[in-house]
Amino acid sequence: MKTIQELLKTRILILDGAMGTMIQRHKLEEEDFRKGWFENHDKSLKGNNDLLSLTRPEIIKEIHRKYFEAGADIAETNTFSGTWIAQADYGLEKHVYDINFQSAKIAKEVAAEFTALNPDKPRFVAGSIGPTNRTASISPDVNDPGFRGISFDELVDAYKDQVNALMDGGVDLLLVETVFDTLNAKAALYAIDVVFEERKVQIPIMVSGTITDQSGRTLTGQTTEAFLISMSHMPLLTIGLNCALGASMMRPYLQILNQKASFGVSAHPNAGLPNEFGKYDETPEIMAVQIKEFLDEGLVNIIGGCCGTTPDHIRAIAQLASNYKPREIL
């Protein structure tokens, strides 16, 4: 069976779509986030989607299954908020290992099912590592610009715990995604490096930043090229962009990565921008037309979807991408 590094050179790989969008379809209530684990917990847990890998694993399995059926090569674990930093809001810091381990295990079980059905199209699991709800670069207090809500060392500790649990659960690669603060991402990469050294094992790493508006900068003010340079000290599988923007608005920044990156390039844009109700209106057909421009220009090695995307979006993208060669890695 070919490795993901080998496959990246032969075809465009497909990342899955939005976990949260699919979870919302189930219209879950408070008890769904407690079942079998947190019945007596003293805080509301509704909306803490990572918990569903513990309390409603059948839902998460089915979502992974639908994305693989749609043509995804890579599934992301249900662990976007899987650090003790993010889980502290719910008082669930002690359950971070269980969340990450079980999320990885669930995704791997489904990936193995699909790989067994078609060994020529192996399926992979990416451990999703979100940015946390704290920033190491910006003060949360406008009256005290030197204050920080989190330290670099605390971020490293949190990410180490998450990475160890994801690797124990069997992930094939790690995806540091939705990076709005490069210092947070550097903490994640440092934590990954430490874990690799301790375990004497390395797996591929993807990094994906988020451009927050049409200025082409991250929330902490970096341009796309500066973000790339800041991440280039690590031997990455891919560097890319996700979230915040729809496909059409993301294209100029992918062009920069295409010109400058010595790694593979990934993209998983939103299904457009949210409307006044917070919903995403771009249909699979509309999104595919925009992503065709990425493919015509040879900008990407991995393509998928973020907020608002569904298996139908991924199916349309996968069918389109099958007609194109991947970006040539510099």
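All of the numbers you see were taken from the coordinates with simple rules; none came from a lab. A quick note: this is a predicted structure, and the numbers were derived from the prediction, not measured. Glycine gets a Cβ as well: all are built from the backbone with ideal geometry, and neighbour counts include every protein chain shown.
Tabulated data
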{"quantity": "Protection proxy ranking, peptides 263-274, 314-325, average beta carbon neighbours within 10 Å, highest first", "calculated": "263-274, 314-325"}
{"quantity": "Estimated translational D of the chain in µm²/s (Stokes, Kirkwood radius over Cα pairs; 10 °C; 1.306 mPa s)", "calculated": "80 µm²/s"}
{"quantity": "Base-10 log of normalised Debye intensity for the range 102-147 (one unit scatterer per alpha-carbon) at q = 0.14, 0.20, 0.26, 0.31 Å⁻¹", "calculated": "-0.54, -0.70, -0.91, -1.05"}
{"quantity": "Dimensions in Å of the range 224-277 - Rg and Dmax from alpha carbons", "calculated": "12.3, 41"}
{"quantity": "Extended-chain gain in nm, criterion 0.36 nm per residue less alpha-carbon gap, ASP141 and GLU6", "calculated": "43.9 nm"}
{"quantity": "Built amide H within the under 5 Å cut-off of ASP73, gap 5+", "calculated": "ILE14, LEU15"}
{"quantity": "Average projection area in nm² (convex hull over Cα atoms of the range 22-81, one quarter of hull surface)", "calculated": "4.2 nm²"}
{"quantity": "Under-5 Å amide H pairs with VAL179, H placed in peptide plane, nonlocal only", "calculated": "SER208, GLY209, THR210"}
{"quantity": "Alpha-carbon Rg with Dmax, taken over the range 194-246, Å", "calculated": "13.5, 42"}
{"quantity": "Between the range 116-160 and the range 281-330, the alpha-carbon center distance in angstrom", "calculated": "26 Å"}
{"quantity": "FRET efficiency, 1/(1 + (r/R0)^6) with R0 30 Å, evaluated for LYS279 and SER322 via beta carbons", "calculated": "0.55"}
{"quantity": "Positive-end residue, the chain charge dipole about Cα centroid, Cβ charges, pick of PRO235, TYR190, GLN214", "calculated": "PRO235"}
{"quantity": "Cα-based Rg of the range 136-212 normalised by 2.2 N^0.38 Å, two decimals", "calculated": "1.22"}
{"quantity": "Rounded FRET efficiency, nearest 0.05, which uses the C-beta distance separating VAL289 from THR223 and R0 of 25 Å", "calculated": "0.35"}
{"quantity": "Simple label model, 7 Å out from Cα along Cβ direction - GLU30 to LYS260, nm", "calculated": "4.9 nm"}
{"quantity": "Vicinal HN-Hα couplings computed from phi for the range 30-47 (Karplus, 6.51 cos²θ - 1.76 cosθ + 1.60; Hz; Gly/Pro x)", "calculated": "3, 5, 5, 8, 10, 3, x, 10, 10, 4, 9, 5, 8, 10, 5, 10, 4, x"}
